[in-house]
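Chemist: Sharing a structure with you now.
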Amino acid sequence: MRPRLPQERPTEPPTGYKIAHPVLGADGGGAGFLGVSLGAAAPYKVLDEARCVYGRRHSAPHRRCDCGFHCVHERRCAEGLLVQAEHRRAVLLEVSVLGPYIRFERGFRYGRQRVRAATVGPCPCGAEAAVLADAGWGRAGRSVLEAACAGCVGGRPRWTLEAFARLAGDGLRVRAAPGAGSRGPAPGVPELAAEAALLQARLDWFQGQLARLGRAMGGGG
C-alpha cells in the first residue's frame with residue numbers, strides 16, 4: 001500500500017495567487033471573475049464554491065478529477081502568466097484557500113475560495129488604469145471588462161475600480177498597478193546633464209565618421 005500523505009491543519013487559510021478576467025452581469029450586477037483555463041466557461045463570485053466542470057456529482061476537489069479552483073503559491077508566478085499574449089488583459093487575484101485542498105509543488109487545487117484583492121494592470125497604451133471598460137466579449141450572460149485609461153476608454157461602458165469592488169462585494173479590494181509612465185521618480189538635473197553629455201559624445205562620434213567617409217570618397221570632408 002502507498003503511504004498516505006499527512007493531512008495539513010493550518011491555523012489560517014492559505015493564500016494563493018491566480019489570474020482572471022473581471023466580469024459584470026448584463027443587468028449591471030453580478031460582478032465576479034472568469035478564469036483563463038478550466039474555469040473559463042463558468043464565472044465565479046468573490047466568495048464561491050467550485051463545481052465539477054465535467055458535470056460529475058462529486059464535490060471538488062476530487063483526487064481522480066482535475067476539477068476545482070486552482071492557484072499558485074507565489075505572486076511572481078501568477079504575474080508571469082500575465083506576460084502571455086492571451087492573458088495580458090487579465091487581472092491578478094490574491095485569494096484565500098478555504099475548505100479542503102490538495103497541495104502541489106507550485107500551488108493548490110481546492111473547493112472554496114475568497115478573492116481578497118484584485119490588481120488591475122495598465123491600459124494597453126501603458127497609462128495607469130482609471131476604469132474597467134467593456135472588452136467586447138463575454139461568457140454566460142456576463143460581459144468581460146478590461147483596464148482602460150481616461151484617454152482610451154472612448155464611448156464604451158465603464159466602471160471605476162471602486163464601483164466594481166462595490167458590485168462584487170464581500171470586502172473585495174481593487175487597485176491599479178502603476179503605468180509605464182509612473183515608474184520611478186522623474187529625472188533630476190544631474191541625470192539630465194549626464195544624458196546630454198552622452199548624446200553630445202554620440203554626435204561627435206557620428207560627425208567624425210562622416211568626415212572620414214567623405215575623405216575616403218574624395219569629397220574633402
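Read-outs throughout are calculated quantities, based only on the coordinates presented, and are distinct from any laboratory measurement. Note that the coordinates shown come from a computational prediction; the quantities given were computed from them, not determined experimentally. Here the Cβ positions follow ideal geometry from the backbone for every residue, glycine too, while neighbour counts run over all protein chains shown.
Chemist: Of all residues in region 16-30 being out of contact with any Lys or Arg (no Cβ under 8 Å at 6 or more places or on another chain) and of a type outside the set (Lys, Arg), which is surrounded by the fewest Cβ atoms within 10 Å (Cβ to Cβ)?
Modeler: 27
Chemist: State which residue is surrounded by the most Cβ atoms within 10 Å (Cβ to Cβ) when the search covers only region 143-172 and only residues that are in contact with a Lys or Arg (Cβ under 9 Å, 6 or more places away or on another chain) and in a helix (DSSP H, G or I).
Modeler: The extreme case among them is 168.
Chemist: Can you say whether residue 144 is touching a Gly at 6+ places or on another chain (Cβ under 6 Å) and among the β-branched types (Val, Ile, Thr), as far as the supplied structure shows?
Modeler: Yes: the conditions hold for residue 144.
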